[in-house]
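The values are calculated or read from the model by the stated rules, or taken from the named source; none is laboratory data. This one's a predicted model, so the numbers in the text were calculated from it and none came from an experiment. Methodologically, a virtual Cβ is constructed for each residue, glycine included, from the backbone with ideal geometry; neighbour enumeration extends over all protein chains shown.
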Amino acid sequence: MNPTLMLAWKSVNNRRLTAFLTILTVAVSLVLLLGVERIRTQAKASFANTISGTDLIVGGRSGQVNLLLYSVFRIGNATNNIDWKSYQEFSQHRAVDWTIPLSLGDSHKGFRVLGTNQSYFEHYRYGNKQPLKLTQGKPFTGLFETVIGADVAKKLGYHIGSEIIIAHGISDVGFSRHDNLPFTVVGIFAPTGTPVDKTVHVSLEAIEAIHVGWESGARMGQTPSADHLVNAEFQPNQITAMMVGLKSKIQTFALQRQINTYTKEPLSAILPGVALHELWGMMSVAEQALMVVSGFVVVAGLLGMLSSLLTSLQERRREMAILRAMGARPRHIFSLLILEASVLTFIGILTGTALLYGLLALAGPFVTQNYGIQLPLVMLSDYELGLIVAVQLAGTVIGIFPALRAYRQSLSDGMTIRV
């Protein structure tokens, strides 16, 4: 082993407590840096995979971000609805494999209500084309049955058999509730980390049934009872949007152009992947803020190491003087302190990396279960390796400051220090 490196190791080993605290500071800083980067990357991937396997989303004429927000994220309202005849026409198009109709406009205690059909359970995909799964119960089949998302069940304490009252519009107030038509919970979706978790799902027919006797959002006299409505047949006049899966990806742009130029009513067809990336770009400020915060944490950790080295240097002036008296040249003293800083940083990086993977193994299932963000135990990416190299170089550079100070200390100054 190189004599200078051996001396640096023994010097670090001789100051175990100080070295341990320095290593811990670097390790915690690295865990935060890589942890934030891993969560940022996976959150972005999860965001981009909020919906997958869907080739087009069709709604009333509007911007693609607005259409994406209300159809996928249940945020905002549609500028216009789609006529049911238009939906049927495109659902039977020769290029279309499947469609999922979406009807929005009602709510339950702050959660959006979505009207749809069995195609939602069969064809809706998220993440890496993962299908929706039920942790309890079954899909709705009756008129006044509902399947709720994981967050709805958790926050409101609902279970199979619970009854809920849907309100007209976004504001859940007394005069807007369909209080004579309760829905029974028959299924609960597994957590997905998507807006599905915060949605109450009912049938399209149910959306029509609860609005019998309502006009322009107002109750017009006595509304029919549930027993009376169960025996009636309902078909929607309009829906909010629809998701489309095609038989061949090659036909995507041709169908999109056909929908955008549809003459019977103004419609917009968007590519969900393109719209998702545009929306994420609008939120890039938050992403950059996370990286800046984690970067400052690393800087604080390295400054803590610098403070520790400078403090210990004052106590080691006699040690440096003895080394000089034994023949060590100033460059040896300089190299010794540089190596110490490098060794401490390197051990801190190893400790921090091991700690990171330990936390991922322990917290990964919890994060996936509650937030839908996958935190797989995969190898470090090139970008993460680049961050580690940058931390190692920064730690080495930090060692230059105490090394220069030791380099300039004279032999006589060191030998005459009072202790």
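Values computed for the structure shown
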| read-out | value |
| --- | --- |
| Among the residues listed as I148, I82, the single one being in the same structural domain as A190 (by TED's automatic domain parsing), of a type in the set (A, V, I, L, M) and under 23 Å from A275 (Cα atoms) | I82 |
| Failed criterion for I100 (all others in (1) loosely packed, with under 15 Cβ neighbours inside 10 Å; (2) touching a residue at least 12 places away in the same chain (Cβ under 8 Å); (3) in contact with a Phe, Trp or Tyr (Cβ under 8 Å, 6 or more places away or on another chain) hold) | (1) |
| Some residue of segment 227-234 being in a helix (DSSP H, G or I), among the aliphatic types (A, V, I, L, M) and under 32 Å from the mean Cα position of the chain (by Cα) | no |
| Which numbered condition M1 misses (of (1) at pLDDT 80 or above; (2) touching a helix residue (DSSP H, G or I) at 6+ places or on another chain (Cβ under 9 Å); (3) assigned to a loop (DSSP other than H, G, I, E, B)) | (1) |
| Verdict on E122 being among the acidic types (D, E) and not assigned by TED's automatic domain parsing to the domain that holds G187 | no |
| Of residues in segment 178-202 being of a type in the set (D, E, K, R) and modelled with pLDDT of 90 or more, the one surrounded by the most Cβ atoms within 10 Å (Cβ to Cβ) | D197 |
| Given (1) closer than 28 Å to I347 by Cα; (2) at pLDDT below 85, number of the condition S410 does not satisfy | (1) |
| Leading residue by the ranking (farthest from N49 (Cα to Cα)) among those in segment 67-100 that are part of a helix (DSSP H, G or I) and small (G, A, S) | S86 |
| Failed item in (1) touching a residue at least 60 places away in the same chain (Cβ under 8 Å); (2) assigned to a loop (DSSP other than H, G, I, E, B); (3) closer than 26 Å to I164 by Cβ; (4) β-branched (V, I, T), with T141 passing the rest | (1) |
| Selected residue (only one of T252, T311, T263 is modelled with pLDDT of 75 or more and over 35 Å from the mean Cα position of the chain (by Cα)) | T263 |
| Selection from segment 110-136 of residues that are free of Cβ contacts under 8 Å to residues at least 60 places away in the same chain and more than 23 Å from the chain's Cα centre (by Cα) | Q118, S119, F121, E122, Q136 |
| Checking V186 against (1) in contact (Cβ under 8 Å) with a residue 60 or more places away in the chain; (2) in contact with a Phe, Trp or Tyr (Cβ under 8 Å, 6 or more places away or on another chain), the condition it does not meet | (1) |
| Check on A300, at pLDDT below 70 and either among the basic types (K, R) or part of a helix (DSSP H, G or I) (or both) | no |
| Close pairs from segment 345-358: first in the same structural domain as M305 (by TED's automatic domain parsing), partner of a type in the set (D, E, K, R), Cβ under 8 Å, at least 6 apart | L356/R38 |
| Test set (1) part of a helix (DSSP H, G or I); (2) loosely packed, with under 14 Cβ neighbours inside 10 Å; (3) modelled with pLDDT of 90 or more - F175 fails condition number | (3) |
| Test result for L375, at pLDDT below 75 and either surrounded by 17 or more Cβ atoms within 10 Å (Cβ to Cβ) or out of contact with any Ser or Thr (no Cβ under 8 Å at 6 or more places or on another chain) (or both) | yes |
| Qualifying residue in segment 26-42 (condition: surrounded by fewer than 21 Cβ atoms within 10 Å (Cβ to Cβ), part of a helix (DSSP H, G or I) and over 22 Å from the mean Cα position of the chain (by Cα)) | yes |
| Whichever residue in segment 49-67 is among the aliphatic types (A, V, I, L, M) and either at pLDDT below 90 or under 17 Å from the mean Cα position of the chain (by Cα) (or both) and, among such residues, is farthest from A269 (Cα to Cα) | I51 |
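One line per residue, one yes/no per condition, for (1) more than 25 Å from G193 (Cβ to Cβ); (2) over 23 Å from the mean Cα position of the chain (by Cα); (3) modelled with pLDDT of 80 or more:
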{"site": "M320", "(1), (2), (3)": "yes, yes, no"}
{"site": "A328", "(1), (2), (3)": "yes, yes, no"}
{"site": "R331", "(1), (2), (3)": "yes, yes, no"}
{"site": "A354", "(1), (2), (3)": "yes, yes, yes"}
{"site": "L385", "(1), (2), (3)": "yes, no, yes"}
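Conditions tested, residue by residue: (1) at pLDDT below 85; (2) closer than 30 Å to E384 by Cα; (3) among the charged types (D, E, K, R).
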| residue | (1), (2), (3) |
| --- | --- |
| L34 | no, yes, no |
| T41 | yes, yes, no |
| F47 | yes, yes, no |
| V72 | no, no, no |
| Q92 | no, no, no |
| S107 | no, no, no |
| F111 | no, no, no |
